[in-house]
Amino acid sequence: MGIPEKTPWAIALNCYKSGQFDRAGAICAEMLSHAPADPRPYFLLGAMSHRKGDLDSAISFMEKAVALAPSNAVCHNWLGVCYQLKSRLKDAVASFHRSISANPAYADAYDNLGLALQKKAESRKAIICHQKALSLRPDCAQTHYNLGNAHKKVGQLIEAAVCYEKAIRLKPDYYEAFNNLATTLHSLGRTDEAIKYLAKALEIKPDRAMSYYNMGHMLQERLRFDEAVAAYKRAIRLQPDFSEAYNNLAIALKEMGLLQEALSCYRKAIRLNPNFSKAHSDLLLAMHYDIRCDRRTLFEEARAWWRQHGLPLADRFIHHRGAREDKPIRAGYVSPDFRGHSVGYFFLPLLQHINREKVETVSYSLTVRPDEMTSRIQALSGTWRSAAGLSDDELARQIYRDRIDILIDLAGHTANNRLRVFAQRPAPVQVTWLGYPDTTGLEVMDYRISDEIADPSGESEIFHTETLIRLQDGFLCYMPPDNAPPVSESPLRKAGRITFGSFNNLPKVNERVAEIWSRILRQVPRSRLLLKSKQLSNAAVRKRCLDMFLKSGITPDRIKLHPATASLEAHLRLYNEVDIGLDPFPYNGTTTTCETLWMGIPVVTLKGDRHSARVGASILTRIGLDFLVCDTEQGYVRTAVALASDSGTLNKLRKGMRERMIQSPLCDGASFARRMETAYQEMWDNWLRFSHKRHGG
């Protein structure tokens, strides 16, 4: 057996390993007093400073060590680590390269170089470094994990998942690998698997708020709202200032129909983080579901959004262009919903019929998961830009470089909007249309496209920062689905009773709506109500929904609840069970109303005092069914009950509804495109006149 080494260096090293830093430091100082050119004490002093978090001292000591031992790979590697922790990435990369030059088989240096390159946003180069480290040391869980992160950053999600799985096999208690594998699988659409891996991560470290937040998001996506709520609340208990968790908790509560609780959580998220523009937009959208919320309150909240999130970015670009009589107007459309979404079905007719000699289309797609509708919109766009990965500043600069004349927002304050891009005014004329039923509140949004019924003259202007452009014959053009099944015979004849129906997003069915619909059911003997919504797959939501009607005396046997269907065709076929559609309030249906009508079903609507409560009136008026538009709750009940007792009118409407729609302005894409072209030209001419005057022309 060898005798343990008793040299000062060996003693100092053992003291360092056992955490006796003061003693180790004293020995190093003593060594340097006798041999000031010895790099070893400097290295150990640097390592101890690193352990203590004193990076400036660590760098100073390590720099002395490498100066004395320029061919020592370990010293260069440690210096690189310290540089990296101080965000001196250029110096870190240089140190790791020197370490590798000194020892080309040094796996740690390759791995650390990869980490530095990831921080420099050079993840493709980082992948090569981590792969080289693994070729030298294939059984290192940490390096597999690092390689997975690099793959993930460049969008190579399948490769990332494989790396995380290898890391877990090598280290079964690797929390970070389980967590990142879960989020990667979720991004790949494999949410059920992701939930299982995230549950394992939380078994390993049950005190991680972010993992509970991620769990809540995944459960919510799977419509497991009550479980999602519990996960978000756990995240908040662990991290009380977690604004994102409060915001997602609010979304889950809204989906469950617990609107007042949801509004409270949105406001809490904003108080915790006043710059949280997404939460503020989510709050604004949710307020439209609240029957207690008046127009003035909505308007003031939109103005507050602008002051907090938009005004600091305002007017970053300067526009001065002469008249371009021989060129088409360049219209740019910004949307996260160029996919199988309501926006797509109303946007496509415009693209199909726009006169390309007058209007050139540039589509900025923020869609993360493209589908068939995405392809159709892309094919009809003059220029297509996939912009989902761009920051707000990058997208604004791209729009400015594209020299867009009129920039059209199709999202408003709905999910994944880019109103912070519009705040910078990257185009001289800016317009909002289609996606959101109200003012954006932005002072740099010049126009909002609507119509006289949805936004009556003299009543709506004071609640808008935009100038209202009211299109004759309506602000919507509906494209009926290609695969819609034929209109069936009236279900009244088959079932011997009236079936009312609403396939709207369930949060629109508030307690007041349930009370009024219950009145209708009570006055129409043996009638029933069919509700369809994705949220109804959740048992807690179903119970709450039935309880709302039970409060008004309607027993569960008269309410049929249906969750989401597997396909659009199956969704449309379910309408064959409905005789009369009931429009919710104060947030009417739009796509749902058009679908209901296309399937031959008349819809009764209650006209309110704001755009979201008047869309039903706009749609029905366009197809000549204004007698189904009601001004009061009493009239709404009376109209629905009278229609239920008139089988002749029901049958006549059902048989002729599609032809009625085809012949109406609602489905006349060519005429709609001409009206939009005229509106665009007027907007552009107005700007040219203003620009000419402003610049002294």
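The values are calculated or read from the model by the stated rules, or taken from the named source; none is laboratory data. All values reported here derive from a predicted model rather than from experimental measurement. FYI the Cβ positions are ideal-geometry reconstructions off the backbone, even for glycines, and counts take in every protein chain you see.
For Ser87, the test of being closer than 26 Å to Gly114 by Cβ, at pLDDT below 95 and loosely packed, with under 15 Cβ neighbours inside 10 Å is passed.
Residues that are touching a Gly at 6+ places or on another chain (Cβ under 9 Å) number at least 2 in the following helices (runs of 4 or more DSSP H) confined to segment 1-102: 8-17, 39-52, 55-68, 73-85, 89-102. Quick check, is Leu238 surrounded by fewer than 22 Cβ atoms within 10 Å (Cβ to Cβ), more than 21 Å from Asp547 (Cα to Cα), among the aliphatic types (A, V, I, L, M) and touching a Phe, Trp or Tyr at 6+ places or on another chain (Cβ under 9 Å)? Yes; evaluated as a whole, the condition is true for this residue. Condition check: within 18 Å of the chain's Cα centre (by Cα) and either closer than 17 Å to Asn149 by Cα or assigned by TED's automatic domain parsing to the domain that holds Ser537 (or both). Does Leu188 satisfy that? The answer is yes for Leu188.
For every residue, the table says whether it meets (1) in a helix (DSSP H, G or I); (2) of a type in the set (A, V, I, L, M, F, W, C); (3) within 24 Å of Glu203 (Cβ to Cβ); (4) without any contact (Cβ under 8 Å) to a residue 24 or more places away in the chain.
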site: Leu113; (1), (2), (3), (4): yes, yes, no, no
site: Leu147; (1), (2), (3), (4): yes, yes, no, no
site: Glu159; (1), (2), (3), (4): yes, no, no, yes
site: Cys163; (1), (2), (3), (4): yes, yes, yes, yes
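Screening Ala679, Ala642, Ala617 for residues that are assigned by TED's automatic domain parsing to the domain that holds Arg512, modelled with pLDDT of 95 or more, in a helix (DSSP H, G or I) and surrounded by fewer than 20 Cβ atoms within 10 Å (Cβ to Cβ) leaves exactly one candidate, Ala642. Would you call Val66 modelled with pLDDT under 95 and among the β-branched types (Val, Ile, Thr)? Considered against the rule, which asks whether it is modelled with pLDDT under 95 and among the β-branched types (Val, Ile, Thr), Val66 comes out as yes. When you go through Ala177, Ala182 one by one, which is the residue that is buried (at least 22 other Cβ atoms within 10 Å of the Cβ) and either under 23 Å from Ala116 (Cα atoms) or in contact (Cβ under 8 Å) with a residue 60 or more places away in the chain (or both)? The match here is Ala177. Just one residue in the set Ser533, Ser537 is in contact with a Leu (Cβ under 6 Å, 6 or more places away or on another chain), closer than 17 Å to Thr592 by Cβ and small (Gly, Ala, Ser); that residue is Ser533.
Evaluate segment 654-662: report whether one residue or more is in a helix (DSSP H, G or I), under 18 Å from Asn576 (Cα atoms), modelled with pLDDT of 95 or more and of a type in the set (Asp, Glu). Within segment 654-662, one or more residues are in a helix (DSSP H, G or I), under 18 Å from Asn576 (Cα atoms), modelled with pLDDT of 95 or more and of a type in the set (Asp, Glu). Report yes if Arg610 is in the same structural domain as Phe500 (by TED's automatic domain parsing), more than 16 Å from Val513 (Cα to Cα) and at pLDDT 95 or above, otherwise no. For Arg610, the condition - in the same structural domain as Phe500 (by TED's automatic domain parsing), more than 16 Å from Val513 (Cα to Cα) and at pLDDT 95 or above - is met. From the list His319, His309, His288, the one residue that fits, being assigned by TED's automatic domain parsing to the domain that holds Asp402 and either within 24 Å of Asn504 (Cα to Cα) or not hydrophobic (A, V, I, L, M, F, W, C) (or both), is His319. Put simply, of Asn180, Asn214 the only residue that is in contact with a Phe, Trp or Tyr (Cβ under 6 Å, 6 or more places away or on another chain) and either at pLDDT 95 or above or part of a loop (DSSP other than H, G, I, E, B) (or both) is Asn180. Among the conditions (1) under 26 Å from Phe585 (Cβ atoms); (2) in contact with a strand residue (DSSP E or B) (Cβ under 8 Å, 6 or more places away or on another chain), Asp446 misses just one, which is (1).
In segment 215-229, the residues that are within 14 Å of Glu244 (Cα to Cα) form Cβ pairs under 6 Å with partners that are surrounded by fewer than 22 Cβ atoms within 10 Å (Cβ to Cβ) and at pLDDT 95 or above, at six or more places apart or across chains, as follows: Ala228/Gln220.
Every condition in (1) buried (at least 22 other Cβ atoms within 10 Å of the Cβ); (2) more than 27 Å from Leu285 (Cβ to Cβ); (3) of a type outside the set (A, V, I, L, M, F, W, C) is met by Thr649 except one, and the failing one is (1).
Of all the residues in segment 574-593, those that are charged (D, E, K, R) and in a loop (DSSP other than H, G, I, E, B) number 2.
Looking across segment 475-498, the residues that are in a helix (DSSP H, G or I) and among the charged types (D, E, K, R) come down to Arg493, Lys494. Of the helices (runs of 4 or more DSSP H) contained entirely in segment 349-468, those carrying at least 2 residues that are in contact with a Lys or Arg (Cβ under 8 Å, 6 or more places away or on another chain) fall at 372-380, 392-401.
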